[in-house]
Amino acid sequence: MKLRFFRNLVFAALLIGFVASCIDDNGSTYIPPTHEEEMALLNEYLDTLQNRGLDIDTTELGVYYIVDSIGEGAFPVVGDTCEVKYTGFFIDGSVFDSSGSSTFKFILGSENLIPGWNDGMKVINKGAFVYLLIPSELAYGSTGYSSVPPNTTIIFNIEMVDIKQGY
């Protein structure tokens with residue numbers, strides 16, 4: 001438990017440091033990036049995380065992930081019911097969504113979920129804690145959605161609470 005807390009603390013410190021280095025000196029408001037700007041920002045962010053010793057893997061679709069704590073048992077497959085706790089945030093560290101102290105249940109492969117979420121869940125087994133970095137093309141694309149601006153990479157920290165096979 002102490003190791004997990006320490007890892008989360010280190011990751012948070014890395015995020016805060018990176019965010020502080022990206023703040024505009026004149027305090028201007030946020031303007032959504034172009035797709036090219038998003039990719040440059042994401043690549044810079046990934047480089048920063050790797051330079052600080054974090055091991056970043058990628059799914060076949062292109063979701064980046066960092067395993068903070070390894071779980072146990074089988075990984076979910078399409079049709080399984082997953083129960084997770086999560087927080088969604090932007091590269092700048094601002095939170096746009098969270099399950100809070102509750103859990104969120106969903107069927108893996110559901111059309112109601114963004115492609116990056118469905119793809120990223122396949123690498124998280126029960127008890128695991130993982131960070132998913134989802135480029136906009138696997139999230140809300142060039143239109144955005146609700147509080148997620150267009151061309152915006154989103155990041156989730158996810159704890160897989162439970163997996164139930166089948167529907």
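The values are calculated or read from the model by the stated rules, or taken from the named source; none is laboratory data. Everything numeric in this text was worked out from a predicted model, so none of it was measured. Each accessible area value is taken on the protein alone, full model and side chains, heavy atoms only, with ligands, DNA and RNA left out. Shrake-Rupley method; radii C 1.70, N 1.55, O 1.52, S 1.80 Å.
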## Note on the structure
Once all protein chains are kept in place, LYS164 shows an accessible area at probe 1.4 Å, nearest 10 Å², of 120 Å²
### Rounded accessible area of ASP80 (nearest 10 Å², 1.4 Å probe)
10 Å²
### Task
Calculate the length of the line joining the C-alpha centroid of the range 87-111 to that of the range 139-162, in whole Å.
8 Å
### Task
With the full set of protein chains in place, find how many percent of the accessible area of the range 48-95 is carbon and sulfur; take the probe as 1.4 Å.
48 percent
